[in-house]
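This report concerns only the one structure given below.
Read-outs: derived from the displayed coordinates by stated rules, not from any lab. Bear in mind the structure is a predicted one, so any value in this text is a computation, not a measurement. FYI the Cβ positions are ideal-geometry reconstructions off the backbone, even for glycines, and counts take in every protein chain you see.
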Ligand code: HEM
C-alpha cells in the first residue's frame, strides 16, 4: 500500500482528478440517497452519524481500504474533535497544543526500524515498510485514562501481519514501541515532563490479537500529525496512552518493557493498562466516561467492550494487581 | 501620591474580573467549549478562582510597599470574585462532573487527596465569604482578623490541589507556588521587620 506524503502526493495524483471528483460526487449522492432512504424507512436512524464519517478533506485520502467485521457501528466522533483534542505531550501538554505545534512536523522522509529478536532486523523507509500490507478500516471505541472517550474510524495494518512477516524468534516475548525523539521538532521534549523518547509495550500475544493495529490513517485520510503521523499503535481495549505515536522503532524483546508512564507514576500506570472500571486511577474513578461531543456520561465496560475478543489473554491473572 | 479614585477603579476591575465568566457563558451558548466542554469549564473556573485568590493576597503587600492605603478596598472585591469562580467550579463538579451522585462524590472526597484539599479550601473560602460583610466584621471584632488569616491556608490549599491533580506537567502549579511563596515571604519579612523596628 502506498501512502502519500501529505505535502506533495495528493490523492488526485493517485487517481485522475476528474475521475476522483466524479466518483466522489457519485459516492456522495449515493450515500445521501442511501441514508435518506434508510432514514425514511427507519425514522430513528442517525443520519448525522453517516455524514460525519468523512474527514475535512485536507489530507490525502487512503484508497483501497478494506472494511472489517471488527468495526463498531456506533456513532463516530467528529473529526474536528478528535483532531483538536489530543494528548501528545511531545507537542505540549494542553489538549489544544498538538494540533498547533505539530503543524509543520515532518513525516517524510521517515525511517522505522524493526529490532531485537527477529529473523531479519531492518530499518525501512516508511513507505517501503507499509507497502506489502493491505489497509483496513477499524472503527474502534477509544478510551482515555482521563475518562474521556471517542469512536474513531482508524485505518491501519493488523499488527499480527507485521509480526508474522518479521519472524520473531523464540526469545521474543514482548514488543516495545518507540516514538521519535527530536526536540528540535517536538517542543515538549525540551522539558523533562516525561522520560523521552516515549516508550510503550505489549506482550507478544496482545500484539498478535486481531484487534491490535498500526494505524496510518483515520476518517478515510492519512493521520494528521497531532494524532501520531505517520504511524501509531492502536490497542482499543487499553487506555489510549498505550497507543505510541509517530513510531520509529519496533523492538522485539525478552523482558517486559518499562513504559514511559510506568516510570512516571507507578501506582497510577501499569504495564497492562487495560480499560477496567473496577480499578481506579489514584485521582479519579474509572467507572464512567464521557464521549467527545456527548453530554451525558456512560458506564465504562471491561476491556472497553472488547472482552469477548481479549479476556482470554488474561485468564487467571489478577487484574487488580496487573493494572 | 497621586492615585486613581479607588471607587471607580474598583468598579472597573470588578467588571473586568467578570468578563471571563461572561465569555464562558457565551462560549457555552455558542458551543465553543472545546471537544470536552465539562473539563474545559472545570479547568477555566479553577484557573480564575486561583488567579483572583492570589490577586486578593497581593493587595496588602502593594499597600505596604506603596503606602497607598485605599487600595485595601480592592482586597474584599478580589476575594469575593475568587469565591464566585470557586463556587461555580464546585457547582460544576456537583452537577456536570458527578451528576449529583452523592456516593461517588463522598468517595472522591475521602479517597482522592486533591479533592479532599479542594473541598477543604472551598469550605474555608465559604467561611470567609459569609463573614465578609461589614456586619460580620463588627460582630466578630478581633476574631474576624484571626479567622481571615485562614486565607493563607486556602491559598496554599488551592496550589496543593492544583499540584496534586496534574498528570505530569507541573509548570503551572509551580508558578503559583512561586508567586504564593513570594507573597507569604513578604508578610513574614514585614512582620519580622516590624518586630525588630519596635524593639530598637
Ligand atoms: C469541592 C471542592 C473542589 C473540587 C471537587 C474540585 C475539583 C476539581 C477538578 C475535578 C478539577 C479538574 C481536574 C482535571 O481536569 O483533571 C479541578 C481543577 C482545578 N481546580 Fe478545583 N476543585 C475544588 C475546589 C477548588 C478551589 C477552591 C480552587 C481554587 C481556589 C480550585 C482550583 C482549581 C484549579 C486551579 C484547577 C486546575 C485548572 C487547570 O488545570 O487549568 N479548585 N478541580
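Using alpha carbons only, how many angstrom separate the centre of the stretch B:21-97 from the centre of the stretch A:247-279?
38
P(r) for the stretch A:215-254: what percent of alpha-carbon pairs falls in each 5 Å bin, starting at zero?
6, 24, 27, 25, 13, 3, 2, 0
Sorted from fewest to most neighbouring beta carbons within 10 Å, what does the list A:222, B:130 look like?
Sorted ascending by nearby Cβ count, the order is B:130, A:222.
Taking other Cβ within 10 Å of each residue's Cβ, how do A:264, B:76 sort, fewest first?
Neighbour counts put them in this order, fewest first: A:264, B:76.
Compute for chain B: radius of gyration divided by Kirkwood radius, i.e. Rg/Rh, restricted to C-alpha atoms, rounded to two decimals.
1.00
With the Cα gyration tensor of the stretch A:196-323 giving a ≥ b ≥ c as the square roots of its eigenvalues, does the rule (a/c under 1.5 for rounded; else a/b larger than b/c for prolate; else oblate) give rounded, prolate or oblate?
Since a/c stays below 1.5, the shape of the stretch A:196-323 is classed as rounded.
Per-residue ellipticity at 222 nm for chain B, helices alone: DSSP H runs ≥ 4 residues times -39500 (n - 2.57), over residue total, nearest 500 deg cm²/dmol?
Helix contribution divided over all residues of chain B: -27500 deg cm²/dmol.
What is the calculated FRET efficiency for residue A:308 to residue A:134, with r their C-beta to C-beta distance and R₀ = 25 Å, to the nearest 0.05?
Calculated transfer efficiency: 0.55.
What percentage of all Cα-Cα pairs in the stretch B:17-67 are separated by more than 17 Å?
46
Would you please give the FRET efficiency between residue B:66 and residue B:166, computed as 1/(1 + (r/R0)^6) with r the Cβ-Cβ distance and R0 = 30 Å, to the nearest 0.05?
Plugging the Cβ-Cβ distance into 1/(1 + (r/R0)^6) gives 0.30.
Dividing the Cα convex hull volume of the protein assembly as shown by residue count, how many Å³ per residue is that?
Taking only Cα atoms, the protein assembly as shown has a hull volume of 210 Å³ per residue.
Show me the three semi-axes of the equivalent ellipsoid for the stretch B:120-200, from the C-alpha gyration tensor (sqrt of 5 times each eigenvalue), largest first, rounded to whole Å.
Square roots of five times the eigenvalues give 28, 22, 7 Å.
Just grab the label-to-label distance for residue A:69 and residue B:143, each label 7 Å out from Cα along the Cβ direction, in nm (one decimal).
With each label placed 7 Å out from Cα toward Cβ, I get 7.5 nm.
For residue A:161, put the label point 7 Å out on the Cα→Cβ axis and report which residues of the stretch A:229-249 keep their amide N under 16 Å from it.
Residues A:231-234 fall inside that zone.
Sort B:60, A:169 so the one with the fewest other Cβ atoms within 10 Å of its own Cβ comes first.
A:169, B:60
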